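Please read the structure below before turning to the comments.
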Amino acid sequence: MEVNTNQLSLKADLIRLFEDNSDVLLAGETTEMIMHRKKAFELFRQNGFPNTKMEKWRNTDLSAAIKENYHIYFDPAFLEGIDLKTIFQCNIPSLVTDVISQLNGWFVSENGSLKKTQDGVIIGSLQAAKKHHADIVNQYLHSIANIEKNSLIALNTAFAIDGTFIYVPDNVHVEIPMQMVNIIRHYRNIFIQNHNLIILGRNARLQLLQCDDSVDQQRSVTNTVTEVFIGENSSLDHYKLQNKNNNSTFINSAFFNLEKNARLLTNGITLNGGMIRNDIHVTLNGEHAEANIMGVYLMDGSQHVDNQVFVDHAYPNCFSNELFKGILDDSASAVFNGHILVRRDAQKTNAYQNNKNILLTDKATVNTMPFLEIYADDVKCSHGTTIGQLDQNALFYLKSRGIGDDNARLLLMYAFAAEVINYIGIEPLRIRVDDMVKKRLRGELSICDQCVLHCSSKEKPVHFEIDMSKI
Amino acid sequence: MLSIKNLHVSIEGREIIKGLNLEVKAGEVHAIMGPNGTGKSTLAAVVAGKEGIYEITKGEITYKGKRLDDLSVEERAREGIFLGFQYPVEIPGVTIVNFMRTAINEIRNYKGQEPIGAAEFLKMMEEAKNLVGIHSKLTNRSVNEGFSGGEKKKNEIFQMAMLKPDLAILDETDSGLDIDALKVVANGVNTLKRPDNATIVITHYQRLLDFIVPDFVHVLYDGRIVKSGGKELAIELEAKGYEWIKAENL
């Protein structure tokens, strides 16, 4: 079933759509869930889309994107005639992953909507999981995606039907990284709202790669929400690769809940996109939880990226470290807003925050705002932010050895970004991201035919074949 | 090889070098001495091609018969000019291996040569490391990051050994070095000497010249070379001090 927004404002159209189709949207839900989603809808009706008068949206203006008309699907009917095999193949040399495909926000697979491994790991469509694993889903779904503070979360909660569902039971270490590939492909403007639910039980381990791509220049708005639960002693490595077209508005909200001794690395590589907003909420919900929250963004033209990071130190003896680095060319703009909350009982907290930016032109802009809110008295917290140009002395030094201006600049830019890229623990992935970043910095990376990770496959990868251990 | 005629250089409107003449031929080692603030480092920076604050208001520098004004910093380097920095720059994230490989390949490309092979590059690295007594895996670290003063200066000579320049200008390479490090640096310079290359050693103290024996010593004072001579001039300077020069040039 498909509908268009084209009559009133996007907000009014969405309200009408919900009212007209609530039977479809809320089909099969528990009474409790229906109440929650209706409440979310009411919150959106009251508040509408965020605007630049709101503190958290002061520098990210959605008004141009929401003036357009969009096409919205309530089921994945558009799939007819699409060959899924060719769309979703990923060919990073020596990177083996279990691919989880989403097309226009809907889980797609030729092998059924849910897969369960021998270990009890469940991967598949959230819509199907609601039906077949209601006991698990209802325990977690919508429990940490706060609808009160952000009307886009409310909007997603009201509308989202499908998305990816991953469940890793207690004591299971998933050996092969999972790769969520989210592709948008449509011949009309499209508005996508999907909801992902990722659950790790106790003593579990997972490496997850989340690729968000466009395949053409078609306009789209994506309002996606991901809820992630990391149980006691469990560990998640989460890598986001964002390579969207310049007509994309991509709002990506992720909520991470860490229990005692849980560990999270989330590392976002933003290579391209008209407007990208990453809202990252991390709650350290048990002692000795540890979160590394990283990001690198390389924007040019009139692209805009906004990283909002909120870390809630709710228990003592936890560690969090934020590192975000960006290079902005032309009239690109970036926002970083880091908020660390250390609650009264969260003694012995270690919380660090750093945002560094290089502006290559006078027209590029960065708005960065660190914010520490500390109620405990025995903590170690720091924040730092820098905005600058390439180091002229370093450039002269490199050039004085014979290195040309272009390569000297590239070496410095790459070195700047590498600090974040080096946190990627999957080696073939790191090598590929490395190549992509170099291409991006040389201005040679475009959004690709297919997945973000295909981008450099047409070229021979450049490696220096010296064995470093001998040096 | 290098010919400087009536050079005048200003920084932000203030004249620092005021009519300097210097001739350096292949096979020669020149020492330029002088008190602080007389234009020694400015001279080195201008020959290497540092842009920005330096303005050549008069005069001419030619190198191997080419006017240096026409060459960018990197072209000068590819033509064989090397500047040993007084304050080597720290570059986090750029490894020395990557730095040197890129530099060597750009120079080779400029000369129409193929990129260097891995085996040859490794051999050069090994030789250059031995020359300056780098025994650690220093070369795999970021350029100068966290290096001690001595390590930074050794790293300059290491790079010189890798690039094998025709004209090396060492700007205060001896500053901040203890006697052992000084010997290592001097030994590097002496070993790299060839009949077809030249070295200009810029120094404040005579001490370095105990180990690097110059063919010519020049005294730079107030933007001009006020005295030139053989290595005995350095000894005389050490004995009499720069006050002697200042008194003569009042």
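Below is a table of values for the structure above.
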| quantity | calculated |
| --- | --- |
| Residue-averaged [θ]222 nm for the protein assembly as shown, counting only DSSP H segments that reach four residues, each worth -39500 (n - 2.57) | -8000 deg cm²/dmol |
| Taking all pairs of distinct alpha-carbon atoms in the range A:302-367, Kirkwood radius in angstrom | 13.2 |
| With Cα atoms, 0 to 90° folded angle of helix B:231-240 axis to chain B main axis | 60 |
| Tensor-based shape of the range B:74-131 (alpha-carbon gyration tensor, a/c under 1.5 rounded, otherwise prolate or oblate) | oblate |
| Two-decimal Rg to Rh for chain A - Kirkwood Rh, Cα set | 0.95 |
| Cα-Cα over 20 Å, subset of A:Lys130/A:Lys244; B:Lys129/B:Lys193; B:Lys50/B:Lys193; B:Lys50/B:Lys154; A:Lys11/A:Lys149; A:Lys149/A:Lys244 | A:Lys130/A:Lys244; B:Lys50/B:Lys193; B:Lys50/B:Lys154; A:Lys149/A:Lys244 |
| Rg and Dmax [Cα atoms of the range B:2-248; Å; Rg one decimal, Dmax integer] | 17.9, 57 |
| Theoretical gain in end-to-end length, A:Glu68 to A:Asn203 [0.36 nm per residue, Cα-Cα removed] | 44.0 nm |
| Sequence-distant lysines (8 or more away, or on other chains) whose Cα lies within less than 30 Å of B:Lys240 | B:Lys5, B:Lys18, B:Lys25, B:Lys40, B:Lys153, B:Lys183, B:Lys227, B:Lys231 |
| Estimated inter-spin distance, B:Phe211 and B:Ile235, nm [label 7 Å along Cα→Cβ] | 2.0 |
| Value of relative contact order over the range B:2-248, rounded to a whole percent, pairs C-alpha under 8 Å and six or more apart | 28 |
| Overall form of the range A:366-409 per C-alpha gyration tensor (a/c, 1.5; a/b vs b/c) | prolate |
| Point-to-point label distance, A:His132-A:His173, nm (Cα→Cβ direction, 7 Å offset) | 2.8 |
| Relative contact order (%) - criterion: Cα under 8 Å, at least six apart; region: chain A | 11 |
| Amide H partners (placed H, <5 Å) of A:Gln347, local residues excluded | A:Asn317 |
| Difference of contour (0.36 nm per residue) and Cα-Cα distance, A:Asp405 to A:Asp378 | 4.9 nm |
| Under 14 Å from the Cα of A:Lys67 - aspartates and glutamates, other chains or at least 8 residues apart | A:Asp13 |
| Helix axis angle, B:118-132 relative to chain B longest principal axis, alpha carbon, degrees | 40 |
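Only the coordinates and a few stated rules stand behind these numbers; no lab work does. This structure is a prediction, so every number in the text was calculated from the model and none was measured. In this analysis, Cβ positions are derived from the backbone assuming ideal geometry, glycine residues included, and neighbour counts consider all displayed protein chains.
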